[in-house]
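Colleague: Structure below; questions to follow.
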Amino acid sequence: MLSHIENKVAGGKRLSGEEGLELLGSDDLFRLGRLADTVCRRINGRKAYYVRNRHINPTNICLNRCGFCAFSRSKGEEGAYELSLDEIAERVRSAPGGTKEIHIVGGLHPDWPFEHYLDIVRTIKRVSPGVHVKAFTAVEIDHFSRISGRSIEDTLRVLKDNGLDAMPGGGAEIFSQPTRDKLCPEKISGERWLEVHEAAHGAGIKTNATILYGHVESFEDRIDHLMRLRKLQDRTGGFQAFIPLSYHPKNTEMGGEYPSAIDDLKTIAVSRLMLDNIPHIKAYWIMLGEKISQLALLFGADDIDGTVIEEKITHSAGALTGESLTGEQMAHLIRRAGKVPVERDALYRTIE
Ligand code: V47
Ligand code: SF4
């Protein structure tokens, strides 16, 4: 059934949306994996990447309160927190030697002004001038634009001038609006998310993209999501990595089940096959677990992400993983999957 797709992949041809749906509907997981691995090796050879990074979530207070998010709180609610600039500085200062990236995402705080987010970026750069700051989802950038009265372009320019090096891929969820309305009615639309990333690419800021899968979405929603990303990437080339985020249901308003390991691997493989123009597919070990991430390296992924150190978003929602791995542990996982570990920075430059 998949042989015409195999022929197209062998000839380096682009797959259609219908073919994407066929792949997602297939039960032949190993065939999908082999096909995705062929494409992955064509793009990245035997290399698989990891990064020494640290996550910091400045606040969990959020105006949006998405149905799948167990991390966020409303202002004044039990468990709500705000990190001070000193607490952020301390987290950066105490990050292990060799840390290359600080990853910052947080809630949409009702009172913090745009200047405070600039202070966060400046604080990190002051404490550790050599690290890359990969910060703020498109959802946050849109929020900053509204609270500051600046255009998206101007908001991004000011952030970049103050030290922003790259943007993470969160907030994409599922672009299709009817499904998005069920997940996160308060969040910016899929179109707006794509506009913000297009503006970032225009400003010379590399970004990532994600999909949140395994909840109420259909296979059509997943393929529509991938096709919209592929179309934008054709125009800008600014996406570095795509990260499928496996839904974690615990403590969420939406509830439901964890996606299966089979769905995790299939989603990685189909992402690699459909997104022929995004160089890296990340198997985020925090969400997939160490062993599924390792397998994912044979199913189209070429990155397992980072040392992380402290992780709140997935762990609030029932993550079964630890919060941290060392660089050596990640290199070991990669090596045992038969790939060559490559340490990278936030811009995929190799660390020797
Ligand atoms: O935007 C929230 C998702 C994202 C849940 O760009 C959930 O390198 C699963 O985007 N189950 C934040 N997912 C994480 C993220 C990310 C992580 C690592 C690397 C990068 C990168 C980006 O997590 C949110 C949302 O889409 N999320 N709640 C949940 N219950
Ligand atoms: Fe807020 Fe992001 Fe959680 Fe949605 S996913 S409630 S925007 S922190």
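No lab work stands behind these numbers, since they all come straight from the coordinates. The structure displayed is predicted, hence computed values, not measured ones. Because the Cβ atoms are built from the backbone with ideal geometry, glycine has one as well, and the counts that use them run over all protein chains shown.
Colleague: I'd like the projected area of the chain, averaged over all directions, using the convex hull of its alpha carbons. Report it in nm² with one decimal. Working shown, then result.
Modeller: Details: hull surface 63.8 nm².
About 15.9 nm², averaged over all directions.
Colleague: Could you derive backbone 3J(HN,Hα) for segment 299-316 from the dihedral phi with the Karplus parameters 6.51, -1.76 and 1.60 (θ = phi - 60°), listing whole Hz in sequence and x where the residue is Gly or Pro?
Modeller: 10, x, 7, 9, 7, 10, 6, x, 6, 6, 6, 9, 10, 10, 5, 6, 5, 5
Colleague: About the Cα centre, and with charges only on the beta carbon of Lys, Arg (+1) and Asp, Glu (-1), how big is the dipole of the chain? Nearest 20 debye, please.
Modeller: Details: 46 positive and 50 negative charges, 231 e Å.
Charge dipole of the chain: 1100 debye, to the nearest 20.
Colleague: Among Ser246, Val127, Leu83, which residue has its Cα positioned farthest towards the positive end of the charge dipole of the chain, with +1 placed on the Cβ of Lys and Arg, -1 on the Cβ of Asp and Glu, and the dipole taken about the Cα centre?
Modeller: Projecting each Cα onto the dipole axis, the largest value belongs to Val127.
Colleague: At 222 nm, what helix-only mean residue ellipticity would the chain give, in deg cm²/dmol to the nearest 500, using -39500 (n - 2.57) for each DSSP H run of four or more? List each step's numbers first, then the result.
Modeller: On the way: 15 runs with 154 residues, N = 352.
The helix contribution divided over the chain gives -13000 deg cm²/dmol.
Colleague: Here's something else I'd like to know. For segment 19-344, what does the relative contact order come out to in percent, with C-alpha contacts under 8 Å and a separation of six or more? Working shown, then result.
Modeller: On the way: 653 pairs, mean separation 81.3, N = 326.
Computed over segment 19-344, the figure is 25 percent.
Colleague: Within segment 106-141, list the residues whose amide N lies under 15 Å from a label point set 7 Å along Cα→Cβ of Lys75.
Modeller: Under 15 Å, as judged by backbone N against the label point of Lys75, lie 107-114, 116 of segment 106-141.
Colleague: Let me ask something additional. So, by mean Cβ neighbours within 10 angstrom, what's the order for 268-276, 287-295 with the highest one leading?
Modeller: Numbers: 268-276: 26.2, 287-295: 20.4.
In decreasing order of mean packing, 268-276, 287-295 become 268-276, 287-295.
Colleague: Taking amide hydrogens as modeled 1.01 Å from N in the peptide plane, which residues meet the under 5 Å criterion relative to Ile278, leaving out close sequence neighbours?
Modeller: none
Colleague: Moving to a separate point now. Rounded to the nearest 5, what % of DSSP beta bridges with both residues in the chain are antiparallel? Numbers along the way, then the final one.
Modeller: On the way: 2 of 32 bridges.
Of the beta bridges lying entirely in the chain, close to 5 percent run antiparallel.
Colleague: Can you check how the C-alpha radius of gyration of segment 199-352 compares to 2.2 N^0.38 Å, as a plain ratio?
Modeller: Working: Rg = 15.4 Å, N = 154, 2.2 N^0.38 = 14.9 Å.
For segment 199-352, the normalised Cα radius of gyration is 1.04.
Colleague: Applying the Karplus parametrisation 6.51 cos²θ - 1.76 cosθ + 1.60 with θ = phi - 60° to the phi angles of segment 195-205, what ³J(HN,Hα) value in whole Hz is obtained for each residue in order, glycine and proline being reported as x?
Modeller: Karplus values, whole Hz, x for Gly and Pro: 4, 5, 5, 4, 5, 4, 4, x, 8, x, 9.
Colleague: Going by average Cβ density within 10 Å per residue, which order do the peptides 160-169, 310-319, 132-141 take, highest to lowest?
Modeller: Values: 160-169: 20.6, 310-319: 18.3, 132-141: 26.0.
The peptides rank, most packed first, as 132-141, 160-169, 310-319.
Colleague: Now for a different question. On C-alpha positions alone, give me the angle between the axis of helix 152-161 and the longest principal axis of the chain, in degrees, nearest 10.
Modeller: Between helix and principal axis, roughly 70 degrees.
Colleague: Arranged by the count of other C-beta atoms within 10 angstrom, fewest first, what order do Ile104, Ile309 take? Walk me through the numbers before you get to the answer.
Modeller: Working: Ile104 23, Ile309 19.
Result, fewest neighbours first: Ile309, Ile104.
Colleague: Under 5 Å between amide H atoms, partner at least 5 residues away or on a different chain: which partners does Tyr49 have, H built in plane at 1.01 Å?
Modeller: Close amide H contacts, sequence-distant or interchain: Asp303, Ile304, Val342.
Colleague: Taking a threshold of 25 Å on the Cα-Cα distance, which of the pairs Lys206/Lys250; Lys75/Lys100; Lys47/Lys100; Lys187/Lys312; Lys160/Lys182; Lys100/Lys250 fall above it?
Modeller: Lys206/Lys250; Lys75/Lys100; Lys160/Lys182; Lys100/Lys250
Colleague: Looking at the chain, which Cys residues are left with no other cysteine's beta carbon under 4.7 Å from theirs?
Modeller: Cys40, Cys62
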